[in-house]
Amino acid sequence: MTASLIDPGHPRRTAAPARTEPLALVPPLRLVSQPEGLLQIHTAPFRGSFAAVFSQALRSAGLGSRVLVSQFLKGGVEQGPAGSLRLCGRLEWLRPGTPHCLDGPPGSQGEEGATAEEALEAVAEVWEVSRERLLKGDLDLLVLDELGLAIALGYLPAPSVIEALEQRPAHLDVILTGPSMPASLMAMADQVTQLRRGG
């Protein structure tokens with residue numbers, strides 16, 4: 001014997017009337033891959049935001065992205081554009097051709113350091129290569145290390161840097177790092193990461 005699941009006191013549902021007009025077909029939503037690069041800033045009140053960014057750049061190159069890392073104030077290896085390093089086959093690492101790191105305004109490096117003219121020329125060479133590659137659009141990621149500090153110390157003119165960044169191709173990701181970042185660059189950023197020391 002089977003119990004009925006229908007409540008005799010409950011009104012029975014009737015079938016919905018048949019539709020006479022056809023259903024309008026709505027095209028399905030699709031994710032369109034339109035490359036849109038970001039301008040990111042990693043800044044801190046101390047020098048040291050480069051390590052995490054370099055790790056990201058190396059990982060990107062390992063996954064097939066075309067990457068240029070330009071360090072404007074890290075000398076000491078007399079590298080220059082002609083001696084840039086290549087890693088993972090896709091990452092180019094560029095530093096100025098100076099005998100020491102540049103930690104002050106041009107000409108403040110002491111007797112063994114680069115003269116003001118040599119330091120300015122070395123940083124200008126790094127910027128010219130970086131700017132050319134930025135505008136050419138043959139990169140997926142461009143890291144400009146201590147760019148803000150290079151501007152603040154008088155190695156690079158801010159208007160030239162801003163003009164180039166405004167002309168960057170839509171697909172290109174650009175990361176700026178350093179402890180000193182002009183307000184004009186901060187205003188352009190899509191994302192700002194500020195590092196702090198714990199404690």
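Check region 60-81 and report whether any residue there is free of Cβ contacts under 8 Å to residues at least 12 places away in the same chain and within 19 Å of Gln40 (Cβ to Cβ). Yes, region 60-81 contains at least one residue that is free of Cβ contacts under 8 Å to residues at least 12 places away in the same chain and within 19 Å of Gln40 (Cβ to Cβ). Listed by first and then second residue, the pairs linking a residue in region 172-199 that is at pLDDT 90 or above to a residue that is open to solvent by less than 50 Å² (accessible area, probe 1.4 Å) and among the hydroxyl-bearing types (Ser, Thr, Tyr), with Cβ atoms under 9 Å apart and 6 or more places separating them unless they lie on different chains, are Asp173/Ser60; Asp173/Ser65; Leu176/Thr43; Thr177/Thr43; Thr177/Ser49; Met186/Thr43; Val192/Thr43.
Yes/no per residue for (1) open to solvent by 60 Å² or more (accessible area, probe 1.4 Å); (2) farther than 23 Å from His42 by Cβ:
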| residue | (1), (2) |
| --- | --- |
| Leu94 | no, no |
| Thr98 | no, yes |
| Ser130 | no, no |
| Leu142 | no, no |
| Ala158 | no, no |
| Ile162 | no, no |
| Glu166 | yes, no |
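Scanning region 170-181 for residues that are open to solvent by 30 Å² or more (accessible area, probe 1.4 Å) and either out of contact with any helix residue (DSSP H, G or I) (no Cβ under 7 Å at 6 or more places or on another chain) or among the hydroxyl-bearing types (Ser, Thr, Tyr) (or both) turns up Ala170, His171, Asp173, Ser180.
The values are calculated or read from the model by the stated rules, or taken from the named source; none is laboratory data. Quantities reported herein were computed from a predicted structural model and do not represent experimental measurements. Note: ideal-geometry Cβ built from the backbone for every residue, glycine included; neighbour counts use all protein chains shown. Note: accessible area is taken over every heavy atom of the protein model, side chains too, but ligands, DNA and RNA are not part of it. Shrake-Rupley method; radii C 1.70, N 1.55, O 1.52, S 1.80 Å.
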